[in-house]
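Encoded as structure tokens, the structure appears first; notes follow it.
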Amino acid sequence: MCAANRPGLTRQVLIDTALRLLGEVGLEGLTVRRLAAELGVQSPALYWHIRTKQELLDGMAEHIIVAAGMGPPEDGETWQKWLARRARAYRQSLLAHRDGARIVANAAWLSPQTIKLFNDELAAMVDRGFPADLALRTITALSQYTNGFVLQEQAAYSKDATRPVELDSSALLLVAIREGASTIGDDAFDHGVQVIIDGTALALKKSG
């Protein structure tokens, strides 16, 4: 039997295995050859299911995005609470995978099924009084903020994180840090999400 057609070797198996392997070797170490070896096949066998490495990375990105949970607000849930919940879930999904934010940030394609889920979210915002352009910009801004925030978090947690900068004892940055401020972590993330939501509320009011 051809290795490409062996039972159990599917596109989803490739994506799941690649995500597991990502945790061990990181994005730089994830190659088609390494994935094939993990699956016990030759590299050409993978191309029956995924044509390029970018297609593999796109599948991994889609898995991370969908795993966060997509769809309109729940019954009785305000758009503000929904956006905050979605942002937190998205961040956790990115953090669940080594280099998860880099994988998603460089995605080039999403399936029609995922695009439909995204469209359903936009439709829910329009039903709640959003102009279509403001709905799109809001979700995009929140997604990009979350991606960028997690990129910084995952860089800070890596072994190559930049060494701390020496600061004068009177520097405002040092004062803020001593008062409990942080540029990463739950509190810092939630602050940014709330700023976006508050700004969106003002924009929505002006649009009406």
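The values are calculated or read from the model by the stated rules, or taken from the named source; none is laboratory data. What you see is a predicted model, and the numbers here were worked out from it, not measured in a lab. Note: ideal-geometry Cβ built from the backbone for every residue, glycine included; neighbour counts use all protein chains shown. Only protein heavy atoms, including side chains, enter the accessible area calculation; ligands, DNA and RNA are left aside. Shrake-Rupley method; radii C 1.70, N 1.55, O 1.52, S 1.80 Å.
Computed over neighbours whose Cβ is under 11 Å from that of SER43, the net charge equals +3, Lys and Arg +1, Asp and Glu -1. Dividing the helix sum by the residues of the chain, where each DSSP H run of 4 or more adds -39500 (n - 2.57), gives a mean residue ellipticity at 222 nm of -21500 deg cm²/dmol. Normalised by the number of residues in the chain, the average gap of Cα pairs under 8 Å and 6 or more apart makes the relative contact order 20 percent. Heavy-atom accessible surface of segment 1-51, averaged per residue, reaches 57 Å², computed with a 1.4 Å probe. Split the accessible area of the chain by element, probe 1.4 Å, and carbon with sulfur accounts for 55%.
For segment 55-96, GluC sites (Glu not before Pro) meeting the loop criterion (DSSP other than H, G, I, E, B) and having at most 13 other Cβ atoms within 10 Å: GLU74, GLU77. Listed options for Rg and Dmax of the Cα atoms in Å are (1) 20.5, 71; (2) 18.6, 68; (3) 15.6, 46. The value calculated from this structure is the one marked (1).
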